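Inspection log for the structure reproduced underneath, given as structure tokens.
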Amino acid sequence: METLYITHPLCKMHEMGSGHPECPERLDAISDQLLASGLINYLQSTQAQAPATLQALKRVHLGDYLDRLSAQSPIEGYREIDADTSMNRHSLQAAGFAAGAVIQAVDAVMAGHSQTAFCAVRPPGHHATQSRALGFCFYNNIAVAAAHALAAHNLKRVAIIDFDVHHGNGTEAIFAGDERVLMCSFFQHPLFPGSGVDDPAANMVNIPVPAYTTGEAIRALVREKWLPRLQAHAPEMVFISAGFDAHREEDMAQLNLVESDFAWLTEQIVAVADRHAQGRVISSLEGGYNLSALARSVVAHVRALAKL
């Protein structure tokens with residue numbers, strides 16, 4: 001069964017100014033490398049059909065936050081949200097289709113059209129909290145999709161794996177204490193946003209690691225800390241916040257993973273899903289800003305999702 005590959009042209013219309021690392025060219029680099037590798041021929045490619053509904057967004061975001069964000073959307077130019085995050089006139093549309101793509105992936109996988117899906121969308125999502133845009137993120141795509149799976153498809157247990165180099169503070173804040181959701185992550189610490197270390201909730205499996213941690217060390221930690229908790233939780237669907245900025249070629253962080261490490265991580269996640277979740281895995285793009293490393297890593301990740 002082919003892996004579903006979802007994107008949308010509006011995701012390239014959002015941009016935050018010249019030289020910003022979270023740029024539209026990220027999606028071009030991914031699509032070019034999927035084409036050059038030949039992997040695109042083995043995927044079920046489609047576009048997001050609709051933006052996330054207000055009902056879907058309100059499962060994880062406060063209504064007044066959504067109203068404030070809409071009011072801040074500029075008619076032209078940029079509106080600064082924080083020092084690193086800005087909106088242009090296309091940003092909220094792009095964010096809506098990014099979240100909508102991951103919801104569409106959930107529905108397609110639950111309908112049996114595919115077992116796995118990768119959503120090449122932006123803006124990313126895992127720093128967005130219930131009430132705050134942060135760290136390039138506006139809507140928390142993976143949280144929206146996981147909440148949709150629980151509410152619309154009556155799943156009882158899901159897992160969220162976050163292997164971005166930055167802690168997924170927004171996702172943690174949204175689901176902390178929710179026993180239906182097990183979230184497993186590793187991240188460089190200290191590093192933005194500086195969270196994830198002090199007293200995480202019982203359903204959070206956080207692994208803060210120092211700069212220059214190797215892929216071999218990450219693999220050992222995943223075996224020791226993630227996999228037993230995932231097996232015990234027995235998720236009915238697995239979600240991945242797929243950030244590739246832990247790659248050793250990244251300038252924004254200092255971990256030392258390479259493409260084979262992302263492939264290995266994905267293989268472990270797929271094995272858990274095969275055992276407990278009928279193989280159902282939904283992955284959505286988060287970080288990764290060195291265009292070459294990002295594109296190569298996504299190919300390795302998607303190849304492992306598709307078992308090719």
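The values are calculated or read from the model by the stated rules, or taken from the named source; none is laboratory data. Because the structure is a prediction, the values reported are computed rather than measured. Cβ: placed from backbone, ideal geometry, glycine included. Neighbour counts: every protein chain shown.
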Give the residues of the range 50-83 that are at pLDDT below 95 and either of a type in the set (A, V, I, L, M, F, W, C) or surrounded by 15 or more Cβ atoms within 10 Å (Cβ to Cβ) (or both), sorted by residue number. ALA83
Note on the range 29-77: residues farther than 21 Å from SER297 by Cβ, in a loop (DSSP other than H, G, I, E, B), out of contact with any helix residue (DSSP H, G or I) (no Cβ under 9 Å at 6 or more places or on another chain) and not aliphatic (A, V, I, L, M) are GLU76, GLY77
Residue that is surrounded by the most Cβ atoms within 10 Å (Cβ to Cβ), among those in the range 116-149 that are of a type in the set (Gly, Ala, Ser) and over 16 Å from LEU57 (Cα atoms): ALA117
Checking the structure you have, find out if any residue of the range 125-141 is basic (Lys, Arg), in contact (Cβ under 8 Å) with a residue 40 or more places away in the chain, in a loop (DSSP other than H, G, I, E, B) and in contact with a Pro (Cβ under 6 Å, 6 or more places away or on another chain). no
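Every residue, every condition in (1) touching a Ser or Thr at 6+ places or on another chain (Cβ under 6 Å); (2) among the small types (Gly, Ala, Ser); (3) in a loop (DSSP other than H, G, I, E, B), yes or no:
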position	(1), (2), (3)
TYR5	yes, no, no
CYS11	no, no, no
SER18	no, yes, yes
CYS23	no, no, yes
Could you grab me the full set of residues in the range 272-307 that are of a type in the set (S, T, N, Q) and touching a residue at least 60 places away in the same chain (Cβ under 8 Å)? GLN278, SER283, SER284, SER292
Tell me, which residue of the range 261-288 that is surrounded by fewer than 21 Cβ atoms within 10 Å (Cβ to Cβ) and assigned to a loop (DSSP other than H, G, I, E, B) is nearest to the chain's Cα centre (by Cα)? GLY279
Against the condition of a type in the set (A, V, I, L, M) and free of Cβ contacts under 8 Å to residues at least 24 places away in the same chain, how does ILE207 come out, does it pass? yes
Would you mind stating whether GLU259 is farther than 15 Å from ALA304 by Cα and touching a residue at least 12 places away in the same chain (Cβ under 8 Å)? no
If you go through GLU76, GLU172, GLU80, the only one that is without any contact (Cβ under 8 Å) to a residue 12 or more places away in the chain and either in contact with a Gly (Cβ under 7 Å, 6 or more places away or on another chain) or among the charged types (D, E, K, R) (or both) is GLU80
